[in-house]
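Reviewing the structure listed below.
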Amino acid sequence: MCRLAMKTASEAFSPFSVISAMEAMQEGYDGSGLGLLLRGLEFADYNYNGKDPVLSGIAHTPEALHRLDGIMEGKGFQLKYDHEFETDRSMVEAQDRFKYILRVYKQPDAWTSFTEEKIEEELLMTRIGIRLDGETHGADLTVFSLWPDVGMIKEVGWPLEIGKAFKLNEDRVKSRICFAQGRQNTNYGINLYACHPFFIQGVCTMTNGENTAFTPIKDWLSGKGFPGYMGYQSDSEVFAHILHYVTKQLGLPLQAYKHVMTPLSNAELAVHPQGDFLLGLRQVCRRLIIDGPNAVIGSLPGETCMIAMDAKKLRPMMIGGNPGEWAAASEMCGVDAMIPVRDRANDFQPMRQHTVIIPPDRQELEIWSQFDQFPQNQAA
Amino acid sequence: MVSIRSIPSEPSSLSPNDLPWRIVHDENRCTLCGKCAAVCPVNTLKLSYMRKRMPRMVLNSSERGSNFKTFVGIRQSTDVGRRCVGCGTCSMVCPNEAIAPVHNSTDRYKFQATAGGDAAKRGGRRNDASSSLLDRIIFNRISMLTDPALDAGRHEFTYNTILGRVLPPEEYIKRKLSGEWIPPTREIFPFIIGSMSFGALSPNMWLGLLQGVAYCNEVLGIPVVMATGEGGCPPWVLKSPFLKYIILQVASGYFGWDEIIRAIPDMQCEPAAIEIKYGQGAKPGDGGLLMWFKVSKLIARLRGVPEGIDLPSPPVHQTLYSIEESVMKMIQSMSMAWNFKVPVYPKISGSTSAKAVLNNLVRNPYASALLIDGIDGGTGAAYDISLNATGHPIATNVRDCYLDLCKQGKQNEIPIFAAGGVGKNGNVVQNALALIMLGASGVHMGKFIMQSAAGCLGSEQNRCNVCNVGICPKGITSQNPKIYRRLDPDKVAERVVETFQAIQVEVKKVMAPLGRSQSLPIGMSDALGIADKDAADRLNIQYVC
Ligand code: SF4
Ligand code: SF4
């Protein structure tokens with residue numbers, strides 16, 4: 001079983017606080033990987049404009065880095081800032097890491113006339129292009145995300161060691177949202193692409209558990225013909241893609257995610273105010289029903305965060321905080337590590353029906369139950 | 001040696017040892033009650049006088065050393081038409097366990113089973129005693145690493161399936177918002193009682209099945225549906241609230257459809273679905289055949305034909321030029337008859353061309369599903385050659401079709417149902433879940449339910465299998481009241497219910513260790529393994545040993 005920790009705050013904070021939560025929960029993972037998502041970025045030595053795309057990944061060789069530069073230049077990206085992690089290599093297990101990439105680019109000039117949708121598509125295609133380039137060259141280039149205001153770090157090893165190796169405690173990079181997942185490797189080989197969080201077009205999730213319905217879900221998403229629905233090194237990657245599909249492709253409100261992943265039973269739908277619509281939704285999205293024990297934490301464009309459980313609530317999750325800062329973790333000690341001083345009366349453990357939404361203003365938790373009516377922007 | 005002329009031998013003469021089943025009779029136990037001979041469906045048994053030698057110790061050479069005793073023994077007919085079929089009814093009724101059929105693997109009767117120039121026919125099943133592929137598929141992706149594991153006895157499981165066309169999500173939302181037509185769907189239990197006609201089955205069997213199905217739905221909440229087969233449905237059922245549990249079949253003879261169409265205005269509810277039969281796994285290329293023995297007064301009325309005549313359906317739907325056209329026209333007309341509120345789907349025999357039919361359906365917005373019936377499917381009557389050697393096994397057919405749909409991203413839109421040999425050796429849940437994980441949305445089972453609910457005696461060793469001639473020893477497939485009154489419909493209903501309850505238990509026992517409880521694991525091929533490399537490669541599942 002993996003462990004999850006997430007913090008979101010109006011003031012940017014060091015990712016190390018989230019890593020310390022991972023450390024507190026260290027019985028829950030095996031050191032097979034750490035993944036971090038940083039959203040709402042601030043750099044100590046650079047005044048970052050949140051609209052500029054940020055590329056995260058690893059160039060494993062000088063040639064790979066060279067090819068990466070070629071790809072980015074070819075597309076018309078201009079490098080604005082290259083964050084140098086002062087990495088202590090002796091603390092990283094892997095030996096083939098030539099350069100950890102966290103770079104800010106200026107979007108290609110040619111894109112200024114593009115619609116937002118087109119820009120999102122171009123960013124996705126560029127990221128996939130880099131990934132495929134790495135894959136055709138013996139996996140010497142790994143890319144995690146290419147998106148404005150989003151950085152990702154993934155490495156194999158124990159979270160605290162990795163945090164220290166990357167000197168994340170020195171506050172050179174901070175963010176308003178930070179996700180961390182300490183991995184317990186289950187089904188697949190140790191692979192950087194199998195580390196959570198998973199990212200697609202501004203939508204990001206991390207989970208702990210096991211999605212036993214992975215194969216049919218993957219088969220269905222792959223058949224959709226959407227270029228970003230690929231990879232699938234981990235059974236958990238589909239959670240990000242389902243969230244993307246529901247909110248971006250279907251244009252449904254965030255609350256619908258839960259109805260797609262873990263739909264209500266017939267008896268529950270019979271008394272639901274939107275039962276008729278939801279019954280149909282359950283049928284048409286049947287191949288996206290997840291299974292097994294899972295807790296999902298997600299991040300969406302605009303700095304909204306969300307937390308949802310599997311249909312049987314087979315995974316733990318604790319949320320707590322104060323107006324302006326909230327933390328969620330698999331264990332209470334994780335929340336304590338991130339926000340030690342808080343009003344514990346506001347602590348909340350989501351149950352099977354809940355989706356907890358932390359809006360960008362971070363004033364309070366929106367606790368939404370699947371049994372309630374959800375906002376009707378689409379589902380009239 | 002005696003002259004050959006004195007032995008009554010003709011080309012077709014057979015001895016008991018040439019027959020597929022030999023009767024073993026113990027005259028020491030026999031009380032001559034005659035029940036066996038009376039009950040034998042093929043009238044093969046004859047009580048006859050026989051004589052045996054009683055050896056005696058003789059010291060005086062003027063006396064003979066043996067005495068002879070006359071006794072009444074059993075002779076079995078060596079006439080091909082009256083050969084013992086191994087049904088075992090004689091041993092069931094014998095009060096003293098004095099008689100039983102024994103399978104004889106050296107049978108030669110088949111060479112002579114062509115009297116009158118017609119090829120051999122039978123009912124029942126394919127005679128394939130080799131181990132079934134579906135019986136060899138195991139479920140090996142046990143969810144061990146993440147706990148808590150599911151508990152089949154305690155947790156809630158969802159495993160119903162959808163029968164009907166399902167829209168792509170984008171299209172559903174669009175149509176829902178604009179109030180457009182959304183194709184009808186049914187949420188049903190994935191084990192369907194496959195099409196067996198009211199003519200093929202006895203009224204008691206049919207009634208028992210229907211009662212059992214109604215109980216499953218209304219009392220236990222298991223949404224079981226059953227299909228009629230060709231030949232219509234009794235009017236009282238058509239006008240009853242039970243119609244919603246029934247899939248009405250239309251086949252090339254259109255038998256029974258006058259009655260159905262006339263009943264539409266009086267229907268209280270819609271049928272579960274309409275099945276258009278284009279082919280059947282047991283006898284591809286043949287239409288249905290109800291032999292004259294079974295065309296009773298009731299059946300004649302239902303089908304709108306005279307009593308006591310053979311009722312063959314043509315091999316194809318006569319009014320149509322090609323399957324594309326047929327699928328389109330018939331699906332549309334049937335949909336229209338029920339105001340586009342009832343799913344309509346075709347049933348075809350397993351074939352290498354199944355994918356082409358499927359692709360046709362994908363493009364037809366009214367097509368609701370595809371049912372593929374594999375070579376192991378059963379039937380009321382067919383030629384041996386069709387039953388044994390014509391058709392396509394179901395597993396690869398379903399798999400190929402499913403993967404083809406996956407490529408197009410349409411696997412949720414047109415459900416594939418699988419039939420043909422599901423549970424033929426009794427492992428119905430293993431077989432069905434293997435097919436489901438290969439990509440089927442559900443299975444149809446006929447022979448299994450006959451065996452489980454009514455004690456059908458058929459087996460892959462060609463046991464019984466006389467369903468075609470109206471002499472079913474269990475009263476399952478006979479229209480003769482003297483025979484079918486043996487079958488108590490209430491008892492059949494009870495067994496139907498027990499069967500579905502047990503199926504439910506087994507489904508959970510497989511799903512729980514796989515970590516699945518939220519939906520039927522359609523296409524979960526990562527959970528399947530087989531100790532046969534070629535089969536594993538062909539089905540795209542794991543080879544395990
Ligand atoms: S087994 Fe059946 S067919 Fe054979 S003799 Fe007995 S009753 Fe007749
Ligand atoms: S018992 Fe009846 S239904 Fe079963 S094989 Fe014999 S004749 Fe056919």
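The values are calculated or read from the model by the stated rules, or taken from the named source; none is laboratory data. Since the model is a prediction, treat every value here as computed from it, not as a measurement. Here Cβ is always computed from backbone atoms with ideal geometry, including for glycine, and neighbour counts include all displayed protein chains. Heavy atoms of the whole protein, side chains included, go into the accessibility calculation; ligands, DNA and RNA do not. Shrake-Rupley method; radii C 1.70, N 1.55, O 1.52, S 1.80 Å.
Suppose the filter is within 16 Å of ligand 2 (Cβ to nearest atom) and open to solvent by less than 90 Å² (accessible area, probe 1.4 Å); does B:P95 pass it?
So B:P95 fails the test.
Scan (1) away from ligand 2 (no atom under 16 Å from the Cβ); (2) open to solvent by 30 Å² or more (accessible area, probe 1.4 Å); (3) over 20 Å from B:A251 (Cβ atoms) for the single condition B:L435 breaks and write down its number.
Here B:L435 clears every test but (2).
Within region A:251-287, how many residues turn out to be of a type in the set (S, T, N, Q) and closer than 17 Å to B:I173 by Cβ?
Looking only at that region, the number is 3.
In this structure, is A:L192 out of contact with any Ser or Thr (no Cβ under 8 Å at 6 or more places or on another chain) and not assigned by TED's automatic domain parsing to the domain that holds A:G138?
Criteria not met by A:L192.
So, restricting to helices (runs of 4 or more DSSP H) that lie completely within region B:81-188, which ones have at least 2 residues that are within 30 Å of B:G515 (Cβ to Cβ) and at pLDDT 95 or above?
Counting at least 2 such residues, we get B:133-136, B:169-178.
Do you know which residues across region B:159-203 are aliphatic (A, V, I, L, M) and farther than 19 Å from B:T499 by Cβ?
Of everything in region B:159-203, those that are aliphatic (A, V, I, L, M) and farther than 19 Å from B:T499 by Cβ turn out to be B:I162, B:L163, B:V166, B:L167, B:I173, B:L177, B:I182, B:A200.
Return a yes/no flag: does region B:484-505 have any residue that is closer than 18 Å to B:M291 by Cβ and either outside the structural domain of B:L298 (by TED's automatic domain parsing) or within 16 Å of ligand 2 (Cβ to nearest atom) (or both).
yes
Do you know which residues across region A:231-255 are buried (at least 24 other Cβ atoms within 10 Å of the Cβ) and under 13 Å from A:I307 (Cα atoms)?
A:F239, A:A240, A:L243
Being aromatic (F, W, Y) and touching a helix residue (DSSP H, G or I) at 6+ places or on another chain (Cβ under 8 Å) is true for just one of A:Y100, A:Y105. Which residue is that?
Just one listed residue meets the conditions, A:Y105.
Across region A:281-295, which residue is farthest from the other protein chains (Cβ to nearest Cβ) among those that are outside any loop (DSSP other than H, G, I, E, B) and crowded, with 21+ Cβ neighbours inside 10 Å?
A:A295
If you check every pair at least six apart or on different chains, which have Cβ atoms under 6 Å apart with a residue in region B:468-482 that is within 19 Å of B:S91 (Cα to Cα) and among the charged types (D, E, K, R) first and a residue that is more than 6 Å from ligand 2 (Cβ to nearest atom) and assigned to a loop (DSSP other than H, G, I, E, B) second?
B:K474/B:G455
Do you know which residues across region B:512-528 are at the interface with chain A (Cβ under 8 Å from one of its Cβ atoms), under 19 Å from A:S265 (Cβ atoms) and of a type in the set (A, V, I, L, M)?
If the condition is that a residue be at the interface with chain A (Cβ under 8 Å from one of its Cβ atoms), under 19 Å from A:S265 (Cβ atoms) and of a type in the set (A, V, I, L, M), then B:I522 is the only one that fits.
In the set B:R108, B:R22, B:R82, which member is surrounded by 12 or more Cβ atoms within 10 Å (Cβ to Cβ), more than 15 Å from ligand 1 (Cβ to nearest atom) and within 28 Å of the chain's Cα centre (by Cα)?
Of B:R108, B:R22, B:R82, the one residue that is surrounded by 12 or more Cβ atoms within 10 Å (Cβ to Cβ), more than 15 Å from ligand 1 (Cβ to nearest atom) and within 28 Å of the chain's Cα centre (by Cα) is B:R108.
Inside region B:161-191, can you point out the residues that are facing chain A (nearest Cβ under 7 Å) and surrounded by 20 or more Cβ atoms within 10 Å (Cβ to Cβ)?
B:I162, B:V166, B:L167, B:P169, B:Y172, B:I173, B:T185
Scan region B:115-130 and tell me whether some residue there is more than 16 Å from ligand 2 (Cβ to nearest atom) and open to solvent by less than 40 Å² (accessible area, probe 1.4 Å).
Within region B:115-130 (the criterion being more than 16 Å from ligand 2 (Cβ to nearest atom) and open to solvent by less than 40 Å² (accessible area, probe 1.4 Å)), the answer is no, since none of the residues qualifies.
Please count how many residues of region B:253-293 are open to solvent by less than 10 Å² (accessible area, probe 1.4 Å), touching a Lys or Arg at 6+ places or on another chain (Cβ under 6 Å) and modelled with pLDDT of 95 or more.
2
Limited to region A:338-357, what total is found for residues that are farther than 30 Å from A:S265 by Cβ and open to solvent by 40 Å² or more (accessible area, probe 1.4 Å)?
Of the residues in that region, 6 qualify.
With the condition kept exactly as written, say whether any residue in region B:136-143 is within 16 Å of ligand 2 (Cβ to nearest atom), touching a residue at least 40 places away in the same chain (Cβ under 8 Å) and among the basic types (K, R).
no
Look at A:E73 and say whether it is over 24 Å from the mean Cα position of the chain (by Cα) and open to solvent by 20 Å² or more (accessible area, probe 1.4 Å).
It is true that A:E73 is over 24 Å from the mean Cα position of the chain (by Cα) and open to solvent by 20 Å² or more (accessible area, probe 1.4 Å).
For B:T158, only one of the following conditions fails: (1) under 26 Å from A:G292 (Cβ atoms); (2) open to solvent by less than 30 Å² (accessible area, probe 1.4 Å). What is its number?
(2)
Answer yes or no: is there a residue in region B:385-400 that is closer than 22 Å to B:N540 by Cα and within 14 Å of chain A (Cβ to nearest Cβ).
Yes - at least one qualifying residue is present in region B:385-400.
For region B:42-62, check the following and say yes or no: at least one residue is outside any strand (DSSP E or B), in contact (Cβ under 8 Å) with a residue 12 or more places away in the chain and open to solvent by 50 Å² or more (accessible area, probe 1.4 Å).
Yes: region B:42-62 contains one or more residues that are outside any strand (DSSP E or B), in contact (Cβ under 8 Å) with a residue 12 or more places away in the chain and open to solvent by 50 Å² or more (accessible area, probe 1.4 Å).
What single numbered condition from (1) in contact with a strand residue (DSSP E or B) (Cβ under 8 Å, 6 or more places away or on another chain); (2) farther than 30 Å from A:R282 by Cα; (3) open to solvent by less than 40 Å² (accessible area, probe 1.4 Å); (4) not hydroxyl-bearing (S, T, Y) fails to hold for B:E460?
The one condition B:E460 does not meet is (1).
Does B:I276 fit the bill of being among the β-branched types (V, I, T) and within 23 Å of B:Q411 (Cβ to Cβ)?
So B:I276 fits the description; yes.
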